[in-house]
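**Q** The structure that follows is given in the form of structure tokens.
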Amino acid sequence: MLIQLIDNCPQQELENIMAQLKTHGFKGNLVETLSTRYIISNGKKEADIRLFGNLPGVKDIHIVEDDNKLVSRKWRVEDTIIDFGDGIQISRKDLTIVMGPCAIEDEQQVDTTLEFLKENNIRFMRGGIFKPRSSPYSFRGLGIEGLKFFSQKCKAAGIKVVTEVMQVSQIEEMYDYIDVFQVGTRNAQNFNLLDELGKTNKPVLLKRGMSSTIQEFLASAEYIFSNGNEKIILCERGIRTFEKAYRNTMDINAIPYLHDKSHLPVFSDPSHAVGIRDYVEPIALSSVMAGADGVLIEIHQCPQKAVSDGAQTLDFFQARRTIQRLRETVALRNKIMVG
Ligand code: PEP
Ligand code: MN
């Protein structure tokens, strides 16, 4: 059961609702976001909403059987839109394209990439400054000093910064320099990190854990929402299967499935899903046809020299063609699919 409280619900009314829930064998969890307050109840018994629907302080009440209630479409039918100001929104109407290198390497790389993004009217740049690497001897990112110039240059270009946060202590130091906190696949079930990101007001791009089921993926999003942050983007980035021919297996099924089950925007990351440059574009285009609201693609002015993930990274020539085809594909999708 999910109870939406009226704006400025008096404390006494809130306590009364909680007491009534208890009397009828339900436990109520209060969730407070920037826009409103909810009570989530996971009582075992089937609820009769008439018991609570008329209590003072209750705005609306929904039966949501899903474990992950706040992110479920069963109560919020309309899609979540994330507004960044400056005319930039993540919504189902447009395709959001996020491009940039796997890792931020130096200032010149950021300048060159921003030039390319501006020319192509792309409003989000990605780039890791704290890099989770499978080997401790690989390049692990420039750290906060790198983020400072990355952020300052993006701001000057009117482009939003998307970068990965790896641990709780980084949230505060990164906060002023980023527009979207990315949670990587390896941290998708780092519940302490999710809790703390839930207490911020910046959008979180949550990658699916490489071995996470959809249920677990949505539970990770629920952690963020239940701590107060409603601005979450779900990102399918491929899962581990028995197949070894490519880096991961893009779970294309996840895109329409997540849209159906959740009101949150759904992105696709074809670069990490397939891991091979030549296949990034077809996987990106098919994600769009499957309904993705955004794509995250690794690009570099010279992928052969990229410090990480060069094999899956597009050069600018390829990226330009992919952008054009993405835009044609989304126009086609919107034309042939109504609703
Ligand atoms: C990334 O986007 O740079 C990244 C490390 O992705 P993932 O967490 O999906 O592997
Ligand atoms: Mn990468």
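The values are calculated or read from the model by the stated rules, or taken from the named source; none is laboratory data. Treat the numbers as computed from the prediction; the structure is a model and nothing was measured. Don't worry about glycine lacking a Cβ; one is built from the backbone with ideal geometry, like all the others, and counts go over all protein chains shown. Note: accessible area is taken over every heavy atom of the protein model, side chains too, but ligands, DNA and RNA are not part of it. Shrake-Rupley method; radii C 1.70, N 1.55, O 1.52, S 1.80 Å.
**Q** Which of the residues spanning the range 33-60 are over 27 Å from the mean Cα position of the chain (by Cα) and of a type in the set (A, V, I, L, M)?
**A** Listed by number, the residues that qualify are 47, 49, 51, 55, 58.
**Q** Taking the condition at pLDDT below 95, over 30 Å from residue 137 (Cα atoms) and away from ligand 1 (no atom under 14 Å from the Cβ), does residue 335 pass?
**A** yes
**Q** Filtering the range 22-47 down to residues that are farther than 21 Å from residue 74 by Cα and out of contact with any Asp or Glu (no Cβ under 9 Å at 6 or more places or on another chain), which residue is most open to solvent (accessible area, probe 1.4 Å)?
**A** Among them, the one singled out is 22.
**Q** Considering only the range 265-275, I want to know if a residue exists there that is away from ligand 1 (no atom under 16 Å from the Cβ) and either within 24 Å of residue 329 (Cβ to Cβ) or not assigned by TED's automatic domain parsing to the domain that holds residue 311 (or both).
**A** Yes: the range 265-275 contains one or more residues that are away from ligand 1 (no atom under 16 Å from the Cβ) and either within 24 Å of residue 329 (Cβ to Cβ) or not assigned by TED's automatic domain parsing to the domain that holds residue 311 (or both).
**Q** Within the range 293-303, does at least one residue satisfy the condition of being assigned to a helix (DSSP H, G or I) and surrounded by fewer than 18 Cβ atoms within 10 Å (Cβ to Cβ)?
**A** The answer is no, given that none of the residues of the range 293-303 is assigned to a helix (DSSP H, G or I) and surrounded by fewer than 18 Cβ atoms within 10 Å (Cβ to Cβ).
**Q** Could you list, in sequence order, all residues of the range 237-257 that are touching a helix residue (DSSP H, G or I) at 6+ places or on another chain (Cβ under 7 Å), assigned to a loop (DSSP other than H, G, I, E, B) and either of a type outside the set (A, V, I, L, M) or open to solvent by 40 Å² or more (accessible area, probe 1.4 Å) (or both)?
**A** Within the range 237-257, 237, 238, 246, 247, 248, 252 meet the criteria.
**Q** How many residues are open to solvent by 10 Å² or more (accessible area, probe 1.4 Å) and farther than 21 Å from residue 163 by Cβ when one looks only at the range 306-331?
**A** 13
**Q** Identify all residues within the range 207-236 that are buried (at least 22 other Cβ atoms within 10 Å of the Cβ), of a type in the set (A, V, I, L, M, F, W, C) and away from ligand 2 (no atom under 16 Å from the Cβ); write none if there are none.
**A** Once the filter is applied, which keeps residues that are buried (at least 22 other Cβ atoms within 10 Å of the Cβ), of a type in the set (A, V, I, L, M, F, W, C) and away from ligand 2 (no atom under 16 Å from the Cβ), the range 207-236 yields 217, 218, 221, 224, 225, 232, 233, 234.
**Q** Can you give me the ranges of the strands (runs of 3 or more DSSP E) entirely in the range 1-88 with at least 2 residues that are without any contact (Cβ under 8 Å) to a residue 40 or more places away in the chain?
**A** Of the strands (runs of 3 or more DSSP E) lying wholly inside the range 1-88, those with at least 2 residues that are without any contact (Cβ under 8 Å) to a residue 40 or more places away in the chain span 28-32, 37-41.
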